[in-house]
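Data block below; observations after.
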Amino acid sequence: MRVTEDGRGLQGSVAPTPPLQAVVWATGYGPAFDWIQVPVFDAAGEPRHQRGLTEAPGLAFLGLPWLHTRSSALMGGAGPDARYVVEALLKRT
């Protein structure tokens with residue numbers, strides 16, 4: 001997946017998405033970032049972020065270990081992180 005030519009959506013393998021204001025990538029059981037072609041990763045392939053927010057407008061991550069607290073990668077810890085990320089994205093867009 002990559003950003004569309006107009007920079008307003010994502011190009012999937014079949015079709016582009018409608019224009020987007022934000023994307024939140026929740027990693028689930030194991031991270032797989034190879035399909036994301038946006039320059040927000042460090043040399044080790046890990047997302048560069050601050051509390052889940054990347055330098056790419058509207059692109060954020062959830063479920064990463066130590067996103068903000070020890071429980072960030074656990075189901076019970078995702079709620080506070082998600083709340084913070086969504087509120088921050090709404091302020092940015």
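Rule-based calculations on the coordinates, nothing more; no lab input. Everything numeric here is computed off the predicted structure, so don't read it as measured data. Here the Cβ is made from the backbone with ideal geometry for all residues, glycine too, and neighbour counts use every protein chain on show.
When a/c reaches 1.5 or more, the comparison of a/b and b/c decides; with that in mind, is region 42-93 rounded, prolate or oblate per its Cα gyration tensor?
Cα axes put region 42-93 in the oblate bin.
Among 17-23, 56-62, how do they line up by average Cβ neighbours within 10 Å per residue, starting with the highest?
The most tightly packed comes first, giving 56-62, 17-23.
On C-alpha positions alone, give me the angle between the axis of helix 75-92 and the longest principal axis of the chain, in degrees, nearest 10.
Taking the Cα atoms of the chain, the angle to 75-92 is about 50 degrees.
From Cα pairs below 8 angstrom and at least 6 apart in sequence, can you work out the relative contact order of the chain, rounded to a whole percent?
So the answer I get is 21 percent.
Once the other residues with Cβ under 13 Å from the Cβ of residue 41 are scored (Lys, Arg +1; Asp, Glu -1), what is the net sum?
-3
What net charge is computed for the residues neighbouring residue 92, neighbours being all others with C-beta under 14 Å from the C-beta of residue 92, Lys and Arg scored +1, Asp and Glu -1?
Around residue 92, the charge tally is 0.
In whole Å, what are the Cα extents of the chain along the three principal axes, biggest one first?
38, 30, 22
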